Amino acid sequence: MSNDADGLDDFYAQIAHAEPLVIAQLGQSLDGFIASRTGDAEFVTGEGDHRHLHILRSLVDAVVVGATTVIADDCRLTVRHVPLRGPRPTRVILDPRGRVPATAHLLTSDDAPTLWIVGRRAEVPRGLPSHVDVLRMEVDAALAPADVVAELSERGLRRILVEGGGRLVSAFVEAGLIDRLYVTTAPLLIGDGVPGLRFTGADALSDALRGPSRRLILGEDVCTELVLR
């Protein structure tokens, strides 16, 4: 691929300056799982997809994950494999019940600002590090994707990457909030495990979600970009 003036491959140049922007990324097996039944997701996709994900992170203001992903993976959500193209993206945890432990990497490491979004009754420990900002929303259960986007936009976080897990990405897709969806499929069959994209579909295939698409070959994996709005 050729590069544009910003040093980006053509594949990413189309989203480099779009604002507002909500994108989502999932890596899954050919049969649609993002992890095994035990939660093992370490080798679903390869190094090419990991670099692709870090490029996406480098292009946004905020990276959004759910509490289940944080608890299962103790993720870092930083840009490590590619150069930063601006300020470090804010790590956003959607945790209405306050399930994420205070020992989680996102809450203890100051390598990026972190916004912890919890519900009105969630218990949050005192004395959190200065890089963690707690936002309490008036909910007790699931956070509405539209409300999350609105809150982030008010904070100047208008370029958003919804990274995981599968239920969270699916909720944003079903809410009609994703501009571009990136799904990387790896050449393996898991058979049973943690599902990737699942949402209420249309009865007729003519009404299925579709739009312009592009493909990016990432070693043995294939990333498909679907423009949804």
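The values are calculated or read from the model by the stated rules, or taken from the named source; none is laboratory data. In this text, all values refer to a predicted model and were calculated from it rather than measured experimentally. Here Cβ is always computed from backbone atoms with ideal geometry, including for glycine, and neighbour counts include all displayed protein chains. Calculation scope for accessible area: heavy atoms of the full protein, side chains included, ligands and nucleic acids excluded. Shrake-Rupley method; radii C 1.70, N 1.55, O 1.52, S 1.80 Å.
I need the calculated FRET efficiency for the pair Arg214 and Ala18, taking r as the beta carbon distance and R₀ as 22 Å, to the nearest 0.05. With R0 = 22 Å, the Cβ-Cβ based efficiency is 0.90.
Helix 145-154 and the long axis of the chain differ in direction by around 70°, with both axes built from C-alpha atoms. Remark: spin-label model distance Phe199-Asp140 equals 2.8 nm, labels positioned 7 Å along the Cα→Cβ axis. Between helix 47-58 and the chain there is an angle of about 60 degrees, using the helix long axis and the longest principal axis of the Cα atoms.
Across segment 99-117, no residue has a backbone nitrogen under 14 Å from the label position 7 Å along the beta-carbon direction of Ala72. Among Gly191, Gly66, Gly98, the residue with the largest mean-square fluctuation in a Gaussian network model of the chain, with springs joining Cα atoms closer than 10 Å, is Gly191. Separation of segment 53-129 and segment 140-213, taken as the distance between their Cα centroids, equals 18 angstrom.
Taken about its Cα centre, segment 109-191 carries a charge dipole of roughly 40 debye when the Cβ of each Lys and Arg holds +1 and the Cβ of each Asp and Glu holds -1. Sum -39500 (n - 2.57) across every DSSP H segment of at least 4 residues in the chain, then divide by the residue count to get the 222 nm mean residue ellipticity, nearest 500. After summing the helix terms and dividing by residue count, I get -5500 deg cm²/dmol. Rounded to the nearest 20, the Cβ-based charge dipole of segment 98-146 about its Cα centre (Lys and Arg +1, Asp and Glu -1) stands at 200 debye. With both labels modelled 7 Å from their Cα along Cα-to-Cβ, the Leu128 to Asp9 distance reads 3.5 nm. The residues of segment 72-229 have, on average, 54 Å² of accessible surface per residue, using a 1.4 Å probe with all protein chains present.
Protection proxy ranking of 126-132, 219-225, by the mean of other Cβ atoms within 10 Å over each peptide's residues and highest first, is 219-225, 126-132.
Working ranking of peptides 42-49, 22-29, 197-204, 10-17 by packing, defined as the average number of other Cβ atoms within 10 Å per residue, highest first, is 22-29, 42-49, 10-17, 197-204. Run through segment 131-170 and list the trypsin sites (Lys or Arg not before Pro) located in a DSSP loop whose Cβ has at most 16 other Cβ atoms within 10 Å. For trypsin sites (Lys or Arg not before Pro) across segment 131-170 that sit outside H, G, I, E and B with at most 16 neighbouring Cβ atoms in 10 Å, the list reads Arg155. Please report, as a whole percent, how much of the solvent-accessible surface of the chain comes from carbon and sulfur atoms (probe radius 1.4 Å). Here carbon and sulfur together make up 50 percent of the probe-accessible area. Remark: the chain carries a charge dipole of roughly 440 debye about the Cα centre, counting +1 on each Lys and Arg Cβ and -1 on each Asp and Glu Cβ.
Model label sites at His50 and Arg99, defined 7 Å from Cα along the beta-carbon direction, differ in position by 2.6 nm.
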